[in-house]
Amino acid sequence: MTEPERIPLSRPSITEADVALVTDAARHGWGARCYEYIEQFEQAFAVHMGVRHAIATSSCTGALHMGLAALGVGPGDEVILADTNWVASVAPVLHLGATPVFVDILPDTWCLDPALVRKAVTGRTKAIMAVHLYGNLCHMDELLALGREHGIPIVEDAAEAIGSTYHGRRAGAMGAFGAFSFHGSKTLSTGEGGMFVTDDPGLYEQVLSLSNHGRVRGQQRQFWPEMLGFKYKMSNLQAALGLAQLRRVESLVERKRAIWQHYVQALGEVPGLSLNPEPAGTRIGAWMPTVVTAPALGLPASGLLQCFARANIDARPFFAPLSTLPWMPANATGSHARSVHERAVNLPSFHDMTREQMDRVCATVLEAAGHA
Ligand SMILES: *Cc1c(COP(=O)(O)O)cnc(C)c1O
């Protein structure tokens, strides 16, 4: 028997129009024109998000690092976030010398539980980081109300949430600032890259200076940093690809949603299986369709991943709780973060997937769950 063709987890959607714009940047985007695509990408992204300011960065991690630095996060401060997260969300907190305070997730959205956030607030809480995990949405109304009550900024890691909207507002545009990733695995991709967005003019100026090695806009003296900054800038070449992708962002998101909906139709009604939820009033960008098995099904993620490996399908494990990393200086949390990790698997969802490929993914899940 010949092995079935490999199905990858993710890869970007690249069109001839994308290639043409990058080619133009490579041919002409130098000298006096070396910022043209960066400026266009930033402006178009701000318009798309409905925010005042956007700064293109080399990564989402960099955008988070600068945003938290601009908020004054430093030694002695605490930043609250969900235990279930990619390390990129917490790394900037640690680099700034602050203490991450992990809270458990909600079992349905896999995002931080606002009631536990409320309990975790102390006099040292400097920020609350809402990460819209896998494109699912955090309960922003509760978090924003809590932030207003205590004068604590809510910041959004929207790396996985382009295209997600919460009661008409875009993920990433609701907090003090939002950060996006354009890594090769994300819905909109520049290979590596990110974006910082905010409506706050002061925060914008601060991050703009930080992003340029501490050089303040309008300073006449050349090579004169007024503070210690960072070098987290995006290149014009990457921005050309970002701009080309942004011109068709709605179709990139629609394709992700169609793949998620296909999985929901095939698997969502099966007893013991659930996927990314879409609560009333929200629209998820569906960056990473994910299936969770109920404990009663007796199908742990490890078993399901073995079935995918045998079928030559690249499915991935759900994020482990960050508090379980041996070097993480932080508290362990409640049980959902660990439990969901043990029962959830990310499904392939690249834009160009065929129907046959999606059906193979579903057949593998159904067989593993005993419903073939
Ligand atoms: C991908 C990702 C990041 C990191 O993005 P980079 O651009 O690789 O720095 C941060 N947070 C979340 C939730 C992510 O998925």
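Quick notes on this one:
- Residues in segment 1-18 that are part of a helix (DSSP H, G or I) and either surrounded by 13 or more Cβ atoms within 10 Å (Cβ to Cβ) or touching a Pro at 6+ places or on another chain (Cβ under 9 Å) (or both): Asp18 only.
- Each residue in segment 35-60 was checked for being within 10 Å of Leu243 (Cβ to Cβ) and either among the polar types (S, T, N, Q) or at pLDDT below 95 (or both), and 2 pass.
- His371 meets each of the listed conditions (1) over 24 Å from the mean Cα position of the chain (by Cα); (2) at pLDDT 95 or above apart from (2).
- The single residue among Pro348, Pro300, Pro321 that is out of contact with any strand residue (DSSP E or B) (no Cβ under 7 Å at 6 or more places or on another chain) and either of a type outside the set (Gly, Ala, Ser) or at pLDDT below 95 (or both) turns out to be Pro300.
- Taken over segment 186-209, the criterion of being within 16 Å of the ligand (Cβ to nearest atom) and surrounded by 16 or more Cβ atoms within 10 Å (Cβ to Cβ) is satisfied by Lys186, Thr187, Leu188, Ser189, Thr190, Glu192, Gly193, Gly194, Met195, Phe196, Val197, Val207.
- Counting only strands (runs of 3 or more DSSP E) wholly contained in segment 62-170, the ones carrying 2 or more residues that are without any contact (Cβ under 8 Å) to a residue 40 or more places away in the chain and within 16 Å of the ligand (Cβ to nearest atom) occupy 154-157.
Quick grid of which residues meet (1) assigned to a helix (DSSP H, G or I); (2) in contact (Cβ under 8 Å) with a residue 24 or more places away in the chain; (3) surrounded by fewer than 21 Cβ atoms within 10 Å (Cβ to Cβ):
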| residue | (1), (2), (3) |
| --- | --- |
| Gln238 | yes, yes, no |
| Leu241 | yes, yes, no |
| Gln245 | yes, yes, no |
| Arg255 | yes, yes, yes |
| Ala258 | yes, no, yes |
| Gln265 | yes, no, yes |
| Glu269 | no, no, yes |
| Glu278 | no, no, yes |
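The values are calculated or read from the model by the stated rules, or taken from the named source; none is laboratory data. This one's a predicted model, so the numbers in the text were calculated from it and none came from an experiment. Note: ideal-geometry Cβ built from the backbone for every residue, glycine included; neighbour counts use all protein chains shown.
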